[in-house]
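Peer 1: The structure that follows is given in the form of structure tokens.
The values are calculated or read from the model by the stated rules, or taken from the named source; none is laboratory data. In this text, all values refer to a predicted model and were calculated from it rather than measured experimentally. Here Cβ is always computed from backbone atoms with ideal geometry, including for glycine, and neighbour counts include all displayed protein chains.
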Amino acid sequence: MTGRDWPNRTGPQPVLEFLRGRASDRKLRLFACACCRRVWDVLTDGRTRRAVETAEGYADGLVSGAEFREAHEAACEAARTNPGPAAAYAAAYCGTNVGYEEAFTAATNCSVFAA
């Protein structure tokens, strides 16, 4: 895959396959957050939006580990108590120790709503 191929992709899977083993945890976390940003209007619970914002700040070293974990726990609670959009689960994934599998899950969940 080349940079010219990326805009023609309809889902996150080819991009993530390309990034497997190449991207840092930070970049994978930010990719998962970007996927959540694409479906921001579906994240109606403030706790899920806060998890995405906090994960972005954590990736850039602007948020403490404690604040990061607290936002993640709140997003998980929101996803458990408000079943429905998979995007809420994606936001919760942004608050985990994101690796390839977590980024893939978040991106896949969000792509359902971005289509």
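Peer 1: Within the range 13-72, which residues are farther than 22 Å from F104 by Cβ and of a type in the set (S, T, N, Q)?
Peer 2: Hits for the range 13-72 are T44, S64.
Peer 1: In this structure, does A51 turn out to be in contact with a His (Cβ under 9 Å, 6 or more places away or on another chain) and at pLDDT 85 or above?
Peer 2: Spelling it out, A51 is indeed in contact with a His (Cβ under 9 Å, 6 or more places away or on another chain) and at pLDDT 85 or above.
Peer 1: Right, another one. Against the definition (surrounded by 20 or more Cβ atoms within 10 Å (Cβ to Cβ) and at pLDDT below 85), how does G99 come out, yes or no?
Peer 2: Judged against the criteria, G99 is not a match.
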